[in-house]
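For reference, the structure is listed below as C-alpha cells.
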Amino acid sequence: MNKKENPFYFGNEVYDSDFCNRTEELNELQKDINSGINVLLYAPRRFGKTSLLKKLQTKLEGDKNYTFIYFDFF
Ligand SMILES: Nc1ncnc2c1ncn2[C@@H]1O[C@H](COP(=O)(O)OP(=O)(O)OP(=O)(O)O)[C@@H](O)[C@H]1O
Ligand SMILES: [Mg+2]
C-alpha cells in the first residue's frame, strides 16, 4: 500500500478486514435474537449500524436456525 494512502475506508458499510471490533455488540445482538427479543438499532448517521448488522449476518450465515432478511428502504 502506498504510504500516503488512507488505510481506513469511509463511506458505506465495511466488511472483512475493514470491520473493527464491535465484539460486545455482536454478542449482545446474538443473545437478543436467541431470546426472541425484537431490537431496534438506532444511532446517528455513519455510526456503523449497517456494517454491524451485515457482520452479524455473515456470522450467522450457514446456521439453519436463522433466516436473515435484509431490506433496504432506500
Ligand atoms: N466496525 C467498523 N470498523 C471500522 N469502520 C467502521 C465500522 N463501522 C462503521 N465504520 C465506518 O463508518 C462508516 C459508515 O458505516 P455504516 O454505513 O455501516 O454506518 P451506518 O450507521 O449504517 O450509516 P448510515 O446512517 O448512513 O446508514 C464506514 O464507511 C466506515 O468508515
Ligand atoms: Mg446504514
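The values are calculated or read from the model by the stated rules, or taken from the named source; none is laboratory data. Model, not experiment: these values are computed from the prediction. Please note: Cβ atoms are built from the backbone with ideal geometry, for glycine as well, and neighbour counts cover all protein chains shown. These accessible areas exclude ligands, DNA and RNA; they are computed on the full protein's heavy atoms, side chains included. Shrake-Rupley method; radii C 1.70, N 1.55, O 1.52, S 1.80 Å.
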(message) Can you pull out the trypsin sites (Lys or Arg not before Pro) in the range 8-74 whose DSSP state is coil and whose Cβ has at most 14 other Cβ atoms within 10 Å?
(response) Arg45, Arg46, Lys64
(request) Go through Tyr42, Tyr15 and list them by solvent-accessible area, largest first, probe radius 1.4 Å. (result) Tyr42, Tyr15
(request) On the full set of protein chains, 1.4 Å probe, figure out the accessible area of Asp32 and give it in Å² to the nearest 10. (result) 30
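Dividing the convex hull volume of the alpha carbon atoms of the chain by its residue count, what do you get in Å³ per residue?
Cα-based convex hull of the chain, divided per residue, equals 126 Å³.
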(message) Given the -39500 (n - 2.57) contribution per DSSP H run of 4+ residues, what per-residue ellipticity at 222 nm results for the chain, rounded to the nearest 500 deg cm²/dmol?
(response) -10000 deg cm²/dmol
(message) As I understand it, the value is the acute angle between the Cα axis of helix 49-60 and the longest principal axis of the Cα atoms of the chain; what does it come to in degrees, rounded to 10?
(response) 60
(request) First compute the accessible area of the chain with a 1.4 Å probe, then give the percent of it belonging to carbon and sulfur atoms. (result) 53
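What whole-number value in Å² describes the accessible area per residue of the chain for a 1.4 Å probe?
On the way: 6940 Å² over 74 residues.
That works out to 94 Å² for each residue.
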